[in-house]
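The values are calculated or read from the model by the stated rules, or taken from the named source; none is laboratory data. For clarity, every value in this text was computed on a predicted model and none was experimentally measured. Using ideal geometry, Cβ is built from the backbone for each residue, glycine included, and neighbour counts are taken over all protein chains shown.
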Number of protein chains: 2
Amino acid sequence: MVVSDSFFMRLALQEAWQYQLLTYPNPAVGAVVTGSSGEVLSVGAHKEAGKPHAEVLAIRDAYIRLTGDMSLAGCDDAELLHARLPELSKSLFHDKSIYVTLEPCNHTGQTPPCALLIERLGFGRVVIGSMDPNPLAAGGAARLENAGITVTKGIERAACDNLLLPFVRWQKGRFLFFKLAQSINGIIDGDTISCEASRRWVHAVREKIDRLVIGGETVRTDRPVLDCRLTGGQAPDVAIFTRHPDSIDRSIPLFAVPKRRVEFIDRLPEKGLVMIEGGAGTFEALKEEIDALVLFIAPFVKEGMGYNGGKNFDILHQRKSGEDMMLFLRGR
Amino acid sequence: MVVSDSFFMRLALQEAWQYQLLTYPNPAVGAVVTGSSGEVLSVGAHKEAGKPHAEVLAIRDAYIRLTGDMSLAGCDDAELLHARLPELSKSLFHDKSIYVTLEPCNHTGQTPPCALLIERLGFGRVVIGSMDPNPLAAGGAARLENAGITVTKGIERAACDNLLLPFVRWQKGRFLFFKLAQSINGIIDGDTISCEASRRWVHAVREKIDRLVIGGETVRTDRPVLDCRLTGGQAPDVAIFTRHPDSIDRSIPLFAVPKRRVEFIDRLPEKGLVMIEGGAGTFEALKEEIDALVLFIAPFVKEGMGYNGGKNFDILHQRKSGEDMMLFLRGR
């Protein structure tokens, strides 16, 4: 293994994937700050829209590591960090590099522009994975180059573009993914399959999505609540995918969740971030329409019902999720 | 993410897992050399018995990176590296650290002792994951401490012990693992399922194992050759697990592989490194006896036959294998 630009970019990617989808409607982004000897000073990721961007968190933590000054430790007030870091850092970052999976933003959205912060700090080098596909935010690399900073583009470009895929899709209209939990051997029915860490992720994502689509058969059989009780947030609006709304028992708990709208659909929503949960029938019916499959694999073999139907994917990301595996698969 | 001893040890672990089982009868071991600022100078892993240990390869590559001297580049002659590195390095490593997943060996086996090399190079610090369970090779940490080197033990100990599990088991007698290739939804029959990179790994491991156990039903149905054509080495001896040897057609290709012994068994071999390949019936029959399941998951959903039976695992390692996922699961 050679320690190179790709190595640092892969660290940034790995961190960014931890927050994939949770940053909606922002893109998932990761950043790494390295010192003049090539040591990793910090790794950061954008965690939630309205909170600091990846670059800002990585710079904050590099500042703390280099100076020992804890006055900004844990601070996630973007305005404050953008204002204070240049005052405090002086020439601290002149011989440092920052790796970012996505071109630093160049506009004032919910937070000030990251390209401006990096310029003010006078970083020695900026290494970028993907260029910003959003014309509103783009131009960061050009700003940095104009400021005389060495900018390298396209490191781990394909992997950075993969990280950006959901963002690109929902910006164009819709990102639609199927969430499935199974045993190793593909069994999806019976008792709860995935571990608490995996279910916690599902609940966190349910807080962010525009709509949760659930198969009618799953509603009838499992009578799920589909709330966010493990994370404490507002449960999503639910769209029950069925041609037979009258067959659904309206007294089941999912209809009783406060502030939730429930509707019956026979066509998928056309906008936003949409998650589908369901069983074999729902997968078979909707598999051609999905952008991605988020798959939790629990580490046991058991008896039960599986799912099938022909469908090819590419593995964009994999990680342990508690005791389970989590795979993020792009539909082909 | 905090860059710490654990971070460097996890890098060493990740590299070591690439060669898990391929180092038989030696343990899989990884090593990382870091500089005085905490920069990663090199990452190495033991690749094959008789070849240099992880520490030696990592030190070789750190030496090259630090000096630019290419005279030892690609050299995998352990004797030569042990002799030349101390002569060439002088005080180069006095302010460097080395992270090793397993206590550096302290005896002369097929190669000289790594603890002696590290002592002669005068490393500033040695960080160890697992202590050597082999009394013959142990004592490296004590030697280094006696030489005045700072030694830290037990970093990522649980993960390092997991890496060592096959070695510990085969040292006590036998490490028995089931290899399975499936689609996401658990289908194991039909055309070739795993990608070339995955099959190449299987062929590389077939060169190392003491015995390949194959289910009688798989032999009858698939008529596999079970050779190492993708890696070019000697195909393993095969033990056909069946109570009905007379039902096996001796004219199929697996009997015609040169220098191969084929036997019929109704009990598993009791010693060495044993791989089982087979289908649902073989898994069901032998699942309680296996130490581990090495699972290749190809990224598609398809129709076909699955497997089942109750069995729990822990995920010890996961990685992309070409287009597939590879999981290394310890049986509970």
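Listed values, structure above:
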| item | result |
| --- | --- |
| In the range B:163-209, residue surrounded by the fewest Cβ atoms within 10 Å (Cβ to Cβ) [restricted to those that are touching a residue at least 40 places away in the same chain (Cβ under 8 Å) and of a type in the set (D, E, K, R)] | B:Glu196 |
| Tally, over the range B:210-233, of residues that are surrounded by fewer than 20 Cβ atoms within 10 Å (Cβ to Cβ) and not polar (S, T, N, Q) | 11 |
| Per-region count, the range A:85-95, residues closer than 16 Å to A:Cys114 by Cα and surrounded by 13 or more Cβ atoms within 10 Å (Cβ to Cβ) | 4 |
| Cβ pairs under 8 Å, 6+ apart, first in the range B:289-308 and of a type in the set (Gly, Ala, Ser) and part of a loop (DSSP other than H, G, I, E, B), second at pLDDT 95 or above and buried (at least 22 other Cβ atoms within 10 Å of the Cβ) | B:Gly304/B:Ser183; B:Gly304/B:Ile187; B:Gly306/A:Asn185; B:Gly306/A:Gly186; B:Gly306/B:Gln182; B:Gly306/B:Asn185; B:Gly306/B:Gly186; B:Gly306/B:Ile187 |
| Filter result (over 23 Å from the mean Cα position of the chain (by Cα), within 29 Å of A:Leu316 (Cα to Cα) and of a type in the set (D, E, K, R)) within the range A:105-156 | A:Arg125 |
| The range B:177-232: number of residues that are closer than 21 Å to B:Glu284 by Cα and within 12 Å of chain A (Cβ to nearest Cβ) | 10 |
| Scope the range A:114-140; condition in contact with an Asp or Glu (Cβ under 6 Å, 6 or more places away or on another chain), surrounded by fewer than 23 Cβ atoms within 10 Å (Cβ to Cβ) and of a type in the set (Gly, Ala, Ser); matching residues | A:Gly124, A:Ala138 |
| Single residue of the range A:299-310 satisfying the filter (facing chain B (nearest Cβ under 7 Å) and not small (Gly, Ala, Ser)) that is nearest to A:Ala28 (Cα to Cα) | A:Pro299 |
| Of all residues making up the range A:231-254, the number that are part of a loop (DSSP other than H, G, I, E, B), more than 18 Å from A:Leu180 (Cα to Cα) and not charged (D, E, K, R) | 10 |
| Pair list, Cβ under 9 Å, 6 or more apart: the range B:312-332 residue over 19 Å from B:Ala204 (Cβ atoms), other residue of a type in the set (Asp, Glu) and surrounded by 19 or more Cβ atoms within 10 Å (Cβ to Cβ) | B:Ile315/A:Asp324 |
| Residue match in the range B:53-65 (condition: in contact (Cβ under 8 Å) with a residue 12 or more places away in the chain, within 26 Å of B:Met275 (Cβ to Cβ) and in contact with a His (Cβ under 8 Å, 6 or more places away or on another chain)) | yes |
| Long-range neighbours under 7 Å by Cβ, at least six apart or interchain, first residue more than 14 Å from every other protein chain (Cβ to nearest Cβ) within the range B:9-28, second surrounded by fewer than 22 Cβ atoms within 10 Å (Cβ to Cβ) and basic (Lys, Arg) | B:Leu21/B:Lys208; B:Leu22/B:Lys47; B:Leu22/B:Lys208; B:Thr23/B:Lys47; B:Tyr24/B:Lys208 |
| Test: A:Leu316 is part of a strand (DSSP E or B), assigned by TED's automatic domain parsing to the domain that holds A:Ile214 and under 20 Å from B:Phe296 (Cβ atoms) | yes |
| Qualifying position, being more than 14 Å from every other protein chain (Cβ to nearest Cβ), surrounded by fewer than 21 Cβ atoms within 10 Å (Cβ to Cβ), under 23 Å from A:Phe7 (Cα atoms) and in contact (Cβ under 8 Å) with a residue 24 or more places away in the chain, among A:Arg157, A:Arg143 | A:Arg157 |
| Qualifying residue in the range B:214-224 (condition: modelled with pLDDT of 95 or more and either touching a strand residue (DSSP E or B) at 6+ places or on another chain (Cβ under 9 Å) or part of a helix (DSSP H, G or I) (or both)) | yes |
| Residue match in the range B:255-268 (condition: in contact (Cβ under 8 Å) with a residue 24 or more places away in the chain, under 30 Å from B:Ala12 (Cα atoms) and in a loop (DSSP other than H, G, I, E, B)) | no |
| Boolean, A:Gly322 is more than 21 Å from B:Ala298 (Cα to Cα) and within 13 Å of another protein chain (Cβ to nearest Cβ) | yes |
| Any hit, the range B:30-48, residues being of a type in the set (D, E, K, R), over 26 Å from A:Ser37 (Cβ atoms) and away from chain A (no Cβ under 11 Å) | yes |
| Lone qualifier among B:Phe328, B:Phe313, B:Phe296, B:Phe283 - being facing another protein chain (nearest Cβ under 7 Å), in contact with a Phe, Trp or Tyr (Cβ under 9 Å, 6 or more places away or on another chain) and not charged (D, E, K, R) | B:Phe313 |
| Output for the range A:16-71, where each listed residue is more than 17 Å from the chain's Cα centre (by Cα) and assigned to a loop (DSSP other than H, G, I, E, B) | A:Gly35, A:Ser36, A:Ser37, A:Gly38, A:Gly68, A:Asp69, A:Met70, A:Ser71 |
| Qualifying positions in the range A:261-283 - buried (at least 17 other Cβ atoms within 10 Å of the Cβ) and of a type in the set (D, E, K, R) | A:Glu277 |
| Residue satisfying condition, being under 28 Å from A:Phe313 (Cβ atoms), in contact with a Gly (Cβ under 8 Å, 6 or more places away or on another chain) and not aliphatic (A, V, I, L, M), within set B:Phe300, B:Phe296 | B:Phe300 |
| Residue in the range B:52-73 that is modelled with pLDDT under 95 and not charged (D, E, K, R) present | no |
| Only listed residue being outside the structural domain of A:Asn162 (by TED's automatic domain parsing), touching a Cys at 6+ places or on another chain (Cβ under 7 Å) and either on the phi < 0 side of the Ramachandran plot or buried (at least 22 other Cβ atoms within 10 Å of the Cβ) (or both), chosen from A:Ala292, A:Ala298 | A:Ala298 |
| Residue list for the range B:137-184, filter: within 27 Å of B:Leu212 (Cβ to Cβ) and among the polar types (S, T, N, Q) | B:Asn162, B:Gln171, B:Gln182, B:Ser183 |
| Members of the range A:279-303 found to be touching an Asp or Glu at 6+ places or on another chain (Cβ under 8 Å) and over 22 Å from A:Ala197 (Cβ atoms), listed by number | A:Gly279, A:Gly281, A:Thr282 |
